[in-house]
Amino acid sequence: MSNQYQERSAVVRIIFLAIGLIFIVRLAFLQLFDSDLRRQADSQALRHITQYPARGLIYDRNGELLVYNEAVYDLKVIPKMVKRLDTNMFCSVVGISRDEFDARMRKACKYSTYSASMFMKQISKEEYASWENHLYKFRGFYVQQRTLRVYDRPIAAHVLGYIGEVNDDEIKADSYYKQGDYIGKSGLELSYEEVLRGIKGDRIMHVDVHNREIGPYLNGAHDTLAVEGGNLYTTIDANLQEYAEGLMANKRGCIVAIEPSTGEVLTLVSAPCYDPNLLVGRVRGENYLKLQQDISKPLFNRALQAQYPPGSIFKVAQAMTALSLGVIEPGQGFPCDKSLVGCHNHPSARSVQEAIKMSCNPYFYYTYRRIIQQNKYKSIYKDSPYGLTVWDDYMHRFGFGQRLGIDLPNVRSGRIPDTAFYNKKYGEGRWAFSTIYSNSIGQGEVEVVPIQMANLACIVANRGYYITPHLVRYYGPDSTRNEEFYERHETGINPAYFEIAANGMYDVVHGAGGTAHRANIPDIDVCGKTGTAQNIGDDHSVFIAFAPKTNPKIAVAVYVENARGGGGYWAAPIASLVIEKYIRGEVTRKDVERMYREAAPCQKLPLPKTVKKKKK
């Protein structure tokens, strides 16, 4: 009998041990492997609060603060913790409707019922202060502080850029970002995002059943500190930028000014301009839509993205190429034969310097023909592709047909047509100089970006080389700089030829028969080149310049869209005002300043759809 009871006792013990083992395994599974349950438990006891770092500040070249931060608040919610909520009271306190509340809660639940997600973002400190004392009543809701960008002056929107909430693609591309984070979307904010954003920290807090913080978890042993972002020290002159934007009021086009010896961009204006503060805070979405729908395209950065026909400013590059190739001499003369290509009335140019001064179209027709048809082959259909390939190489030396490495996003390359382009357009062996001669005067298939035009002025100012245009001198506490922005890009053309170009450009402004007398500044030797670019609607007004002639301090390109009167009437005097403002610090020609600040020369939008016939 005792053996029978002993056997039963053993069985019972085994059963109890088995049940206990099952419970132990199950508890271990729940605590160690069931992340959903663990997350639910943690969310009811602990709160992970992201410590957003202060985004780096942005300064101009003289140390003036352009962009700084201001404290704002985000209201976050953990849907699973929202219990016994007086919805009407909540909506009344935070200032939203019941429909808005329901829509935001659905979105939060869709993201996660256990994790915190955004409910209301970018709440001002004044708004938050008005209902801060009521927040403890609403279990599942809490506030997180962050910063908002503030622009001290309403300038340089296309340079500085803006920040916005990350999208799904940006989150997938970089694990640093989570829902509700902000990222640079354009301008320097985008180009230097990793410098400006800093490093997020994490603070873990115990919370009670009423959603109130009761202290740090493990006395902060697992907390991490946020590291503030690095500052940017830009090349922009804020006063010159503001002045140039004022000159482009009521106009469409752009101004780019560069210090030739360094490649530092002094001002970059795309008109119409807009106040960067419009794209900050909760009104950003509404304002962005308005700007996006504006027919004049204020969001479009014309200085870096517009591809225009360069017009006659392109003749400077043509002349330097022809001289370098030896197909013309400095004292080469050509008749002003209007039967070849249209031109204004002036004497025939007897030299390259005179041709630049007079901007003679037939002169550069002859010059370009000598570049393209070098008599290397008997057939013009073989000779022209050879010459075009040589010409194409020289144009790239000037920075055309390629993206200049400026530290802003979405820069376009323009277009320098090559043999593949014309073979596709006309067929191989079916085109020659007579097909493409419009390139000689900066029309035809040639397209350049305004930053490339300003760079051309830098090349002449430097007598044959350029430094990559850039907008940031250095960044961060260690004054880090991009060494690529200090390399010289040589054209390989004799500097003596560029002296001829500089003399011709000086005569454009100061000489008899020059086309840009309106750019003349007393006691400053301005060297410039006008252009009138044909297109749909009224012609564009174009001008490039540098000053002084010796040891130049500034190079400028101005492009005014659909402005009747040509480069000498609109773009040239605007450029001269920018030059005078920078070199002297003030403008003495107040009547000229007032005239061009108030003028609205651009043809009204929308433009006619018919294309004007090009002059022959």
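The values are calculated or read from the model by the stated rules, or taken from the named source; none is laboratory data. These figures come from a predicted structure and were not determined experimentally. Cβ atoms come from the backbone with ideal geometry, glycine included; neighbour counts cover every protein chain shown.
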Flagged pairs (Cβ under 7 angstrom, 6 or more apart or on separate chains; first in region 450-472, not assigned by TED's automatic domain parsing to the domain that holds Phe485; second outside any strand (DSSP E or B) and among the hydroxyl-bearing types (Ser, Thr, Tyr)) are none
For Tyr114, the lone unmet condition from (1) assigned to a loop (DSSP other than H, G, I, E, B); (2) within 23 Å of the chain's Cα centre (by Cα) is (2)
Region 527-612: strands (runs of 3 or more DSSP E) wholly inside it with 2 or more residues that are farther than 22 Å from Gln307 by Cβ are 527-533, 540-547
Going through (1) at pLDDT 90 or above; (2) surrounded by 12 or more Cβ atoms within 10 Å (Cβ to Cβ); (3) assigned to a helix (DSSP H, G or I) one by one, Lys80 fails only at (1)
Of those in region 330-347 that are of a type in the set (Gly, Ala, Ser) and at pLDDT below 95, the residue farthest from Asn503 (Cα to Cα) is Ser339
Being more than 24 Å from Ala557 (Cα to Cα) and either of a type in the set (A, V, I, L, M) or crowded, with 20+ Cβ neighbours inside 10 Å (or both) narrows Leu304, Leu291 down to just Leu291
Note: among Tyr368, Tyr377, Tyr394, Tyr386, just one is surrounded by fewer than 17 Cβ atoms within 10 Å (Cβ to Cβ), among the hydroxyl-bearing types (Ser, Thr, Tyr) and within 27 Å of His489 (Cβ to Cβ), namely Tyr386
Would you confirm, using the coordinates I've provided, whether Leu279 is of a type outside the set (Lys, Arg), modelled with pLDDT under 95, crowded, with 21+ Cβ neighbours inside 10 Å and outside the structural domain of Tyr394 (by TED's automatic domain parsing)? yes
Only one of Ile416, Ile406 is surrounded by 20 or more Cβ atoms within 10 Å (Cβ to Cβ), within 29 Å of Pro260 (Cα to Cα), among the β-branched types (Val, Ile, Thr) and in contact (Cβ under 8 Å) with a residue 40 or more places away in the chain, namely Ile406
Just one listed residue, out of Asn520, Asn482, is touching a His at 6+ places or on another chain (Cβ under 8 Å) and touching a residue at least 60 places away in the same chain (Cβ under 8 Å), and it is Asn482
Residue count, region 552-570, condition in contact (Cβ under 8 Å) with a residue 60 or more places away in the chain and either surrounded by fewer than 24 Cβ atoms within 10 Å (Cβ to Cβ) or not β-branched (Val, Ile, Thr) (or both), comes to 9
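Listed here are the residues, each with its yes/no results for (1) under 15 Å from Gly387 (Cα atoms); (2) over 21 Å from the mean Cα position of the chain (by Cα); (3) of a type in the set (Ser, Thr, Tyr); (4) at pLDDT 95 or above.
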site	(1), (2), (3), (4)
Pro409	no, no, no, yes
Arg412	no, no, no, yes
Arg415	no, no, no, yes
Lys424	no, yes, no, yes
Phe433	yes, yes, no, yes
Glu447	no, no, no, yes
Gln452	no, no, no, yes
Val460	no, yes, no, yes
Ile467	no, no, no, yes
The number of residues in region 490-517 that are surrounded by 18 or more Cβ atoms within 10 Å (Cβ to Cβ) and touching a Phe, Trp or Tyr at 6+ places or on another chain (Cβ under 6 Å) is 0
If we take region 220-286, then strands (runs of 3 or more DSSP E) inside it with 3 or more residues that are out of contact with any helix residue (DSSP H, G or I) (no Cβ under 9 Å at 6 or more places or on another chain) are none
* Asked: Is region 335-355 home to any residue that is assigned by TED's automatic domain parsing to the domain that holds Gly528, buried (at least 19 other Cβ atoms within 10 Å of the Cβ) and in contact with a strand residue (DSSP E or B) (Cβ under 9 Å, 6 or more places away or on another chain)?
  -> no
By residue number, the members of region 256-276 that are surrounded by fewer than 19 Cβ atoms within 10 Å (Cβ to Cβ) and β-branched (Val, Ile, Thr) are Thr262
When every residue in region 117-144 that is under 36 Å from the mean Cα position of the chain (by Cα) and either loosely packed, with under 15 Cβ neighbours inside 10 Å or farther than 20 Å from Val283 by Cβ (or both) is compared, the one modelled with the highest pLDDT is Val143
With criteria (1) in a helix (DSSP H, G or I); (2) farther than 15 Å from Thr435 by Cβ, Lys376 comes up short on (1)
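Residue-by-condition table, conditions (1) part of a helix (DSSP H, G or I); (2) of a type in the set (Ser, Thr, Tyr):
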residue	(1), (2)
Gly63	no, no
Asn69	no, no
Val72	no, no
Leu75	no, no
Ser92	yes, yes
Lys110	yes, no
